[in-house]
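A short reminder: the numbers here are calculations on the coordinates, not readings from a lab. On a predicted model such as this, the values are computed, not experimentally measured, just so you know. Ideal geometry is used to build each Cβ from the backbone, glycine not excepted, and the neighbour counts take in all protein chains shown.
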Amino acid sequence: MTDPPGRLAGKVAVVTGGGSGIGRAAAIRFAREGASVLVADIAADRAGAVAGEIAGDGGRAGAMAVDVSDPAQVEAMAARAGGEFGGIDVLMTAAGVLSFGSVTETDPQAWNRVIGINLTGTFLAARAVIPAMARRGGGAIVTVSSSTGAHDASPGNVAYVASKGGVAMLTKAMAVDHAPQGIRVNAIAPGPTATPMLGSVMTEDEMRRFGEAMPIGRLAQPAELAAAAAFLASDDASYVTGAVFAVDGGQTAKVGMTLADLGTIARQA
Amino acid sequence: MSRFDGKTVLVVGGAQGMGLACAERFGSEGAGLALFDIEDDALAAAAAGLRDRGRAVETISGDVSRADDVESAVARAVERFGAIDVLVHAAAVVELTPLLDFPESLWRRIVDVNLTGVFLATKAAGRVMAARGGGSIVVFASTNAFFAEESNVPYSATKGGIVMFVRNAAMDLARHGIRINAVDPGIIDTRLSAALVHDPIAGPEYLKRIPAGRYGTADDIAKVVLFLASDDAAYMTGEDVIVDGGLTLGATLGIEDLGLEGAQ
């Protein structure tokens, strides 16, 4: 066991996209560290399943169907957390969708959907919870950017990359604006992670090969992203704000093709 | 339940400031401590304080820019505790002098300690870790790695070098199960920044640039170092983590400072 118990004891956390993948892992981790968690997801059944899992583990959780691109639903989410748990201390914005296509291959409707969920959804959720956090004297927001977007572009991925780059800069801008209210805002920038989102577009063999291309030699597990999110949400990160945390197995530390790949190092040796 | 029960941590520059704050935290979470420092008196005082609180401490006096000293520090840590699971490199020197007046000897000393020291310690401790199948290394860079400051060229150059050292080292060390990351502290209330932080005029004035509204504490940094060293950061390597209360996020003059809000 690596998680110090109780870092989030007595806190209330809201997790968007909490029904699967990184959001699900974060909701479970926050609850294990003592937080009451409102699990929000576009799919009511997935949110309910995660809340049930938390309750079965002895934690406290609620579930709610929320489309983060809809301002009214997001406001209702914040109101529900405040009403049910008495306030909001932590927000994690894990709701996100993947998309493919260059600029010329992306129609405006697809673009608006990705920006609406990934970027505007982050804006709306932060906008809805910050007043409640400020009333409590502070809080922590953890957004989800991406190694693709925060640091690098990947080919054929424009809407996703732009949305995640936007999340990184939105995170920094919010950190500056809300530091005086005691609210810290940070992002995690996951590398390729073994989530249903990645599984929906890749075969198992492709996922294995993708993982092997990372310096660490494997994909991230959602729990590893949740561990970083829990750290950023906790007082262990008391002086960390505006940071974009690469949790990517070294992906962005390396160039795409290395001297070892090219055989140059072997030849020199 | 402690994250570092039974682990051994070697802290280079562990006698004071942020290095000592790390040692305090690692000790309180169960680690055996090997403290390596050039300042004998500070080292003895730090060890005495830690031992009073029941920590297992080995002290090694030496100069991190000398390969022999670093090798013997690593050997002593292994001899005492049987392994090195975590290396923290906090040793650094700084000198504020305008570039055109900067003495070459001092430039060499700063590069030797701040950058070559990281190379020597990573290599020596990394070999021990590789032989046991892994470990974790946390190196102190600085916001000066990317945030320029007057009269601080050599220090900033070494800290920028550390960030790129860490990225490259992460690639070479990953196959050995070793993760390496850096922290980038902003302005932290330690001896190195005391002249600024505690200056009656400059101290409060500079604080206006920090969104968090306070200078960092050594413990603010130690908490991040422990996270990076722990299994919670199992998929993080080659990363440098900024811990600056928002100092380097962007423009420091706001709309309000410029009086624009009233004009609208």
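A few remarks follow.
- If the chain linking B:Glu39 and B:Ala56 were pulled fully straight, counting 0.36 nm for each residue of separation and taking away their Cα-Cα distance, it would gain 4.1 nm.
- In this simple spin-label approximation, A:Ser154 and B:Asp219 carry label points 7 Å from Cα along the Cα→Cβ vector, and these lie 4.1 nm apart.
- Axial C-alpha extent at least 20 Å, average Kyte-Doolittle at least -0.5 - helices from chain A (DSSP): A:71-85, A:121-135, A:158-178
- Within region B:129-167, backbone nitrogen closer than 14 Å to the virtual label 7 Å beyond the Cα of B:Arg80 toward Cβ: none
- Inter-probe distance in nm under a simple model that places probes 7 Å from Cα toward Cβ, at A:Ala44 and B:Asp199: 6.2 nm
- Counting other Cβ atoms within 10 Å as a rough exposure proxy, the listed residues A:Tyr160, B:Tyr235, B:Tyr206 run B:Tyr206, A:Tyr160, B:Tyr235 from fewest neighbours to most.
- Taking label points 7 Å from Cα along the Cα-to-Cβ direction, A:Asp235 and B:Asp5 give a separation of 2.3 nm.
- Region A:31-161 - percent relative contact order, Cα under 8 Å, separation 6 or more: 25 percent
- 222 nm mean residue ellipticity, helices alone, for chain A (DSSP H n ≥ 4; -39,500 (n - 2.57); rounded to 500): -13000 deg cm²/dmol
- Averaged over the residues of peptide B:163-172, the number of Cβ atoms from other protein chains lying within 10 Å of each residue's Cβ is 3.
- Computed over chain B: relative contact order in percent, which uses C-alpha pairs under 8 Å that are six or more apart: 18 percent
- DSSP beta bridges in the protein assembly as shown [antiparallel fraction, %, rounded to 5]: 0 percent
- Based on DSSP H segments of at least four residues, each scored -39500 (n - 2.57), chain B has a per-residue ellipticity at 222 nm of -13000 deg cm²/dmol.
- Over chain A, Cα pairs under 8 Å with separation of 6+ residues give a relative contact order of 18 percent.
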